[in-house]
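K.L.:
Questions regarding the structure given below will be posed in turn.
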Amino acid sequence: MSGPLFNWIKEIRDRYAHPGKLAKKGVLGMNRRNISYISRYNPRHLYPLVDDKLQTKQMVLEAGVTAPDLIGVIREQHEVKDLAKLIDGVHGFCIKPAHGSGGKGILVITRNDDDGYHKTNGQLANLGDLERHVSNILAGLFSLGGKADVAIIESLIEFDDCFTGYTYEGVPDTRVIVFKGFPVMAMMRLSTSDSNGKANLHQGAVGVGLDIGDGSALRAVQFDRPVLLHPDTGTNLYTLKVPHWEQLLMLSASCYEMSGLGYLGTDMVLDRQKGPMLLELNARPGLSIQVANGEGLVPRLRQIEALGNKHKMTVAQRVAYAREHFSRKG
Amino acid sequence: MASRKPFYLLVGLLILAGASLSLHRHYTYDIPWLPGEKRQTWSIEAKVEFEASGGEVLASLAIPNTQPGFTQLNQQTASPGYGLAFTERNNGGQRADWSIREASGEQALYYRVDMLLDPYAAPPSPSLPPPLKVSIEKEPYATAGNQLLDRAQERSSTPYTLARELIQEFQVQSQNAELLAQLKPRLNWVVQLLQQAGVPARQVHALFLEDGRRRQELIDYIQVFDGEDYQLFHPETGEQGRPENLLMWEYHSGPVLEVVGGKHSMVTFSMIEQEQPFGVALNQKFSENELLNFSLYTLPLEEQALFKGILLIPVGVLVVVLLRILVGVKTSGTFMPVLIALAFIQTSLMTGLIGFLLIVGMGLLIRSYLSYLNLLLVARISAVIIMVIGMIALFSIVAYKLGLTEGMKVTFFPMIILAWTIERMSILWEEEGPHQVVIQGGGSLMVAILAYLAMNNELIRHLTFNFLGLQLLFMALVLMAGNYTGYRLLELKRFKPMVEEK
């Protein structure tokens, strides 16, 4: 039993997982996510709330959820001149398009001094560069379909030192999938030199699966492959533990009531002073979180669905339920 | 969970409707499943000859129409100096009428008709039985005829069996037959006796089609009616049914040829058999057809060509849907590959690919310079469009100067789409690096090539154009794909690390 065909089949078996095995593991696929979860639990009319970061921001501020401060909004091309006035005296800030997707068009300035504005990757930018970036946002360069957009300027989070060494440039953020108000799975996204300081896994950021029970690391992956150490800093990723874990879960779980979306990705950061802060919401959260956790989402989602809608649970009850049932440390 | 029953019902209905429409077209209109099938057509030429007596001449020839087994495609005449009219008589018979004010000497008029051998031919009007007429014969012929008829009636039950038995009886009772033959030919007797028995029947003039025959003459058959139906009977043997290749020429109780103002008139036939691609044959068949026939063949040729292209788009779209949902290929712009594939159809694959890569590659180079100019998006896209047009013009001219006429075809590319492709790729390059550009650009090109291969397939082109029902099947497939919750092929690779451990 050998020959080119046999080798070819063997190679296929080496490179591709058997769908049955994936299903057994409860891995959620893109099609199923779209049909069975997103389109079923996320009412279409609520999408603008999360797709438009300005609306999200206003909703978050009204709900009193902790989030970065809004410095200003630039809606029209002629307002671009006012950018200098808006950011005058602000130490660090970030400019983002209201309709950006996949982290596109987010410009983070960590500090400004006489040299100019310092970007996260250490490069310098001048006011002209910032204005050009804002014009690009307004023209719709980063929005889906090239629709005209608005630029949001937010104050920068003074992120907690507890993650120093775990990340290379960029802000480490915590993604929690919230299903019907229950935090079902979490991971931390750490930027690397491969990802250019961005926290998107497909760009090369490291994903660390977090235990829902206590926020400690379960597993770490880069480019979908398990890693032990951070590729740039060499820190052991398995020692990672997110502080204020309960508070963070409460914050993410409360986004269910606030947004009305049943299947939600919440992105959070830890601020030195204010603790967990909501950065943004995502109505179509990606699937890499499963790879980072080494576990499929389907069994947990099924478990929540099986609970039914009979008893209304409070945020605290839901978090407690999730910590009890979805913890993998024991 | 919402019930999926209506969904499956809809898909089921679409499949059923699509399949039955296609089968209907195949079986009713005889449209083959495979392209390139040939259809037999007969070109038959009737030559009318007579001696004109020097004055006005009116010649009227019976001509065949679409009838079971044959569809009339087109007809033409050659008759110098004669006026011509195609007329229809009250009994439904078609005739060609020639007329001229003055003619003398030998005259020859030609009439040519193309008949498609067509098992599914639909005659424009049903064949009407002739009115019954009973003629009284003098003795002893009446008694002889009645004897024959009585014997035949004893052994028959239906009009057809009566006709068969009657013809047989003429052979059995040879004395009676001979007696009758003294008065008029046997065929006329058979018709007359059938009429007498209340069975409508008539003599028809038919033509045996044999390839390459010349100066053939019409032969006689007996057409016997049973209500709306009829059968042909051979007047000598009593054989029932229309032999293959028998074309009825005159079947409306009229004369084959009438000539006023001439003598010694006769008509002879020559014929050839032709093989035509079925498309040509169908074009002719449907060219002058009625409304109820819902076919693209009724459109003018130019619109037909247009629809050939339009009806292929669902095939391309289906390819994109399957590749994105089942495989998970990333493309830049959802249906951009279909448009590129449509351009490939015009340019041929290799020329198209080279042209596409050249234009997008050059475009990316120039676009990277445009980034430095810090332009607003709309202006930048517009600049890219103008740039693309410039490049297309440049490539065309260079290709022409070098004698590469193939290169001229780059003009078939959709320019706006190219401009957006360049813009998207350029942004992708800036944001995620050349790696992603290769992945997404390659993905789009791969999908475009697959869509092209599907859309350029002779079989698929044939099927989509001839079977509109397939569009419903495509619809059903797309709907089903939209309901697919399984893994994508590329996800099997992506999630492979998850099942490797332990």
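K.L.:
Looking at the stretch A:3-51, which of the residues that are more than 8 Å from chain B (Cβ to nearest Cβ), modelled with pLDDT of 85 or more and not in a helix (DSSP H, G or I) is surrounded by the fewest Cβ atoms within 10 Å (Cβ to Cβ)?
P.N.:
It comes out as A:P43.
K.L.:
For the condition under 30 Å from B:P314 (Cβ atoms), away from every other protein chain (no Cβ under 14 Å) and crowded, with 17+ Cβ neighbours inside 10 Å, what is the one hit in B:L459, B:L428, B:L468? Give the steps one after another, and end with the answer.
P.N.:
On the way: B:L459 fails: crowded, with 17+ Cβ neighbours inside 10 Å; B:L428 fails: away from every other protein chain (no Cβ under 14 Å).
Of B:L459, B:L428, B:L468, the one residue that is under 30 Å from B:P314 (Cβ atoms), away from every other protein chain (no Cβ under 14 Å) and crowded, with 17+ Cβ neighbours inside 10 Å is B:L468.
K.L.:
On to the next question. Considering only residues that are more than 48 Å from the chain's Cα centre (by Cα) and touching a residue at least 40 places away in the same chain (Cβ under 8 Å), look in the stretch B:371-384 and name the one that is farthest from the other protein chains (Cβ to nearest Cβ).
P.N.:
Among residues in the stretch B:371-384 that are more than 48 Å from the chain's Cα centre (by Cα) and touching a residue at least 40 places away in the same chain (Cβ under 8 Å), the one farthest from the other protein chains (Cβ to nearest Cβ) is B:S371.
K.L.:
Before we move on, is A:G207 within 14 Å of chain B (Cβ to nearest Cβ), within 25 Å of A:P68 (Cα to Cα), in contact (Cβ under 8 Å) with a residue 12 or more places away in the chain and surrounded by 17 or more Cβ atoms within 10 Å (Cβ to Cβ)? Talk me through it step by step, then tell me what you get.
P.N.:
Working: within 14 Å of chain B (Cβ to nearest Cβ): yes; within 25 Å of A:P68 (Cα to Cα): yes; in contact (Cβ under 8 Å) with a residue 12 or more places away in the chain: yes; surrounded by 17 or more Cβ atoms within 10 Å (Cβ to Cβ): yes.
Criteria met by A:G207.
K.L.:
From the list A:V50, A:V60, A:V73, which one is within 17 Å of A:A139 (Cα to Cα), in contact with a Leu (Cβ under 7 Å, 6 or more places away or on another chain) and of a type outside the set (D, E, K, R)? Full working, then the answer.
P.N.:
On the way: A:V50 fails: within 17 Å of A:A139 (Cα to Cα); A:V60 fails: within 17 Å of A:A139 (Cα to Cα).
The conditions single out A:V73.
K.L.:
Okay, next question. Return yes when A:G262 is in contact with a Lys or Arg (Cβ under 6 Å, 6 or more places away or on another chain), within 24 Å of A:P172 (Cβ to Cβ) and assigned by TED's automatic domain parsing to the domain that holds A:A205 and no when it is not.
P.N.:
On the way: in contact with a Lys or Arg (Cβ under 6 Å, 6 or more places away or on another chain): yes; within 24 Å of A:P172 (Cβ to Cβ): no; assigned by TED's automatic domain parsing to the domain that holds A:A205: yes.
So A:G262 does not fit the description; no.
K.L.:
Then there's this: For the stretch B:127-152, which positions are of a type in the set (S, T, N, Q), assigned to a helix (DSSP H, G or I) and surrounded by 13 or more Cβ atoms within 10 Å (Cβ to Cβ)?
P.N.:
Quick first cut of the stretch B:127-152, residues of a type in the set (S, T, N, Q) only: B:127, B:135, B:143, B:146-147.
From what is left, the residues that are assigned to a helix (DSSP H, G or I) are B:143, B:146-147.
Correct list: B:N146, B:Q147.
K.L.:
Then there is this: Against the conditions (1) of a type in the set (K, R); (2) within 17 Å of the chain's Cα centre (by Cα); (3) over 24 Å from A:K198 (Cβ atoms), where does A:K96 fall short? Just the number, please.
P.N.:
It fails just one condition, (3).
K.L.:
Among residues belonging to the stretch A:283-306 that are among the aliphatic types (A, V, I, L, M), in a helix (DSSP H, G or I) and surrounded by fewer than 23 Cβ atoms within 10 Å (Cβ to Cβ), point out the one that is farthest from the other protein chains (Cβ to nearest Cβ).
P.N.:
Step one: list which residues in the stretch A:283-306 are among the aliphatic types (A, V, I, L, M), which gives A:283, A:287, A:289, A:291-292, A:297-298, A:301, A:304, A:306.
Next, only the ones that are in a helix (DSSP H, G or I) stay: A:289, A:291-292, A:298, A:301, A:304, A:306.
Then drop every residue that is not surrounded by fewer than 23 Cβ atoms within 10 Å (Cβ to Cβ), which leaves A:298, A:304, A:306.
Working: A:V298: 11, A:I304: 14, A:A306: 13 Å.
Step by step, filter the stretch A:283-306, then rank; the result is A:I304.
K.L.:
Further question on the same structure: Quick one: A:V134 ticks every box in (1) away from chain B (no Cβ under 14 Å); (2) in contact with a helix residue (DSSP H, G or I) (Cβ under 6 Å, 6 or more places away or on another chain) bar one, so which box is it?
P.N.:
Unmet for A:V134, out of (1) away from chain B (no Cβ under 14 Å); (2) in contact with a helix residue (DSSP H, G or I) (Cβ under 6 Å, 6 or more places away or on another chain): (1).
K.L.:
Check off (1) in contact with a Leu (Cβ under 7 Å, 6 or more places away or on another chain); (2) within 14 Å of another protein chain (Cβ to nearest Cβ) for B:M336 and give me the number that stays unchecked.
P.N.:
Result: B:M336 passes all but (1).
K.L.:
More than 10 Å from chain B (Cβ to nearest Cβ) and within 17 Å of the chain's Cα centre (by Cα): does that describe A:V80?
P.N.:
Details: more than 10 Å from chain B (Cβ to nearest Cβ): yes; within 17 Å of the chain's Cα centre (by Cα): no.
The answer is no for A:V80.
K.L.:
State yes or no: is B:I416 free of Cβ contacts under 8 Å to residues at least 40 places away in the same chain and within 14 Å of chain A (Cβ to nearest Cβ)? Walk me through how you get there before you give the answer.
P.N.:
Numbers: free of Cβ contacts under 8 Å to residues at least 40 places away in the same chain: yes; within 14 Å of chain A (Cβ to nearest Cβ): yes.
It is true that B:I416 is free of Cβ contacts under 8 Å to residues at least 40 places away in the same chain and within 14 Å of chain A (Cβ to nearest Cβ).
K.L.:
Hey, another quick one. Within the stretch B:47-57, identify whether any single residue is touching a residue at least 60 places away in the same chain (Cβ under 8 Å), part of a strand (DSSP E or B) and among the β-branched types (V, I, T), and answer yes or no.
P.N.:
We begin by selecting, within the stretch B:47-57, every residue touching a residue at least 60 places away in the same chain (Cβ under 8 Å); these are B:47-53, B:55-57.
Then drop every residue that is not part of a strand (DSSP E or B), which leaves B:47-53, B:57.
Checking which are among the β-branched types (V, I, T) leaves us with B:48, B:57.
Yes: one or more hits.
K.L.:
Only one of B:R164, B:R155 is over 29 Å from B:T66 (Cα atoms) and either buried (at least 16 other Cβ atoms within 10 Å of the Cβ) or without any contact (Cβ under 8 Å) to a residue 12 or more places away in the chain (or both). Can you tell me which?
P.N.:
Working: B:R164 fails: over 29 Å from B:T66 (Cα atoms).
That would be B:R155, the only listed residue that is over 29 Å from B:T66 (Cα atoms) and either buried (at least 16 other Cβ atoms within 10 Å of the Cβ) or without any contact (Cβ under 8 Å) to a residue 12 or more places away in the chain (or both).
K.L.:
Working only within the stretch A:141-156, note down all residues that are surrounded by 19 or more Cβ atoms within 10 Å (Cβ to Cβ) and either more than 9 Å from every other protein chain (Cβ to nearest Cβ) or not aromatic (F, W, Y) (or both). First the steps, then the outcome.
P.N.:
Restricting attention to the stretch A:141-156, the residues satisfying the condition of being surrounded by 19 or more Cβ atoms within 10 Å (Cβ to Cβ) are A:141-143, A:149-154, A:156.
Hits for the stretch A:141-156 are A:L141, A:S143, A:D149, A:V150, A:A151, A:I152, A:I153, A:E154, A:L156.
K.L.:
Just one of B:S43, B:S99 is of a type in the set (S, T, N, Q), assigned to a strand (DSSP E or B) and over 24 Å from the mean Cα position of the chain (by Cα); which is it? Explain how you work it out, then say what you get.
P.N.:
Working: B:S43 fails: over 24 Å from the mean Cα position of the chain (by Cα).
On inspection, the qualifying residue turns out to be B:S99.
K.L.:
Can you tell which of B:D118, B:D150 is of a type in the set (D, E) and under 17 Å from B:R242 (Cα atoms)?
P.N.:
Testing whether each residue is of a type in the set (D, E) and under 17 Å from B:R242 (Cα atoms) leaves just B:D118.
K.L.:
In the stretch A:226-266, which residues are modelled with pLDDT of 90 or more, of a type outside the set (V, I, T) and assigned to a strand (DSSP E or B)?
P.N.:
A:Y263, A:L264, A:G265
K.L.:
Taking the options B:N65, B:N74, name whichever one is in a loop (DSSP other than H, G, I, E, B), in the same structural domain as B:Q274 (by TED's automatic domain parsing) and either in contact with a helix residue (DSSP H, G or I) (Cβ under 8 Å, 6 or more places away or on another chain) or surrounded by 14 or more Cβ atoms within 10 Å (Cβ to Cβ) (or both).
P.N.:
Values: B:N74 fails: in a loop (DSSP other than H, G, I, E, B).
Result of the check over B:N65, B:N74: B:N65.
K.L.:
Right, next: (1) of a type outside the set (D, E, K, R); (2) crowded, with 21+ Cβ neighbours inside 10 Å; (3) under 38 Å from the mean Cα position of the chain (by Cα): which one isn't true of B:T351, the others all being true?
P.N.:
Going through the list (1) of a type outside the set (D, E, K, R); (2) crowded, with 21+ Cβ neighbours inside 10 Å; (3) under 38 Å from the mean Cα position of the chain (by Cα), B:T351 breaks only (2).
K.L.:
Of the conditions (1) away from chain A (no Cβ under 14 Å); (2) surrounded by fewer than 17 Cβ atoms within 10 Å (Cβ to Cβ); (3) out of contact with any Leu (no Cβ under 8 Å at 6 or more places or on another chain), B:A448 satisfies every one except a single condition; which number is it?
P.N.:
Failing condition for B:A448: (2).
K.L.:
Of the residues in the stretch A:87-107, how many are more than 30 Å from A:G286 (Cβ to Cβ) and modelled with pLDDT of 85 or more?
P.N.:
Start the filter on the stretch A:87-107 by keeping residues that are more than 30 Å from A:G286 (Cβ to Cβ), which leaves A:87-91.
From the residues that got through so far, the ones that are modelled with pLDDT of 85 or more too are none.
Qualifying residue count for the region: 0.
K.L.:
Looking only at helices (runs of 4 or more DSSP H) that lie completely in the stretch B:385-502, which have at least 3 residues being of a type outside the set (G, A, S) and over 40 Å from the mean Cα position of the chain (by Cα)? Before you say what the answer is, go through the steps one by one.
P.N.:
On the way: elements: B:415-432, B:434-455, B:458-466, B:469-481, B:489-494, B:496-500.
Result: B:415-432, B:434-455, B:489-494, B:496-500.
Results for (1) in a loop (DSSP other than H, G, I, E, B); (2) out of contact with any helix residue (DSSP H, G or I) (no Cβ under 6 Å at 6 or more places or on another chain); (3) farther than 27 Å from B:D30 by Cβ; (4) assigned by TED's automatic domain parsing to the domain that holds B:K263, shown as yes or no for each residue.
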| site | (1), (2), (3), (4) |
| --- | --- |
| B:T87 | no, yes, yes, yes |
| B:N90 | yes, yes, yes, yes |
| B:R95 | no, yes, yes, yes |
| B:A108 | no, yes, yes, yes |
| B:Y111 | no, yes, no, yes |
| B:M115 | no, yes, no, yes |
| B:A121 | yes, yes, no, yes |
| B:S125 | yes, yes, no, yes |
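K.L.:
Would you pick out the residues in the stretch B:228-268 that are buried (at least 19 other Cβ atoms within 10 Å of the Cβ), within 29 Å of the chain's Cα centre (by Cα) and not in a strand (DSSP E or B)?
P.N.:
The answer is B:Y251, B:H252.
The values are calculated or read from the model by the stated rules, or taken from the named source; none is laboratory data. Not measured: the values here are computed from a predicted model. Ideal geometry is used to build each Cβ from the backbone, glycine not excepted, and the neighbour counts take in all protein chains shown.
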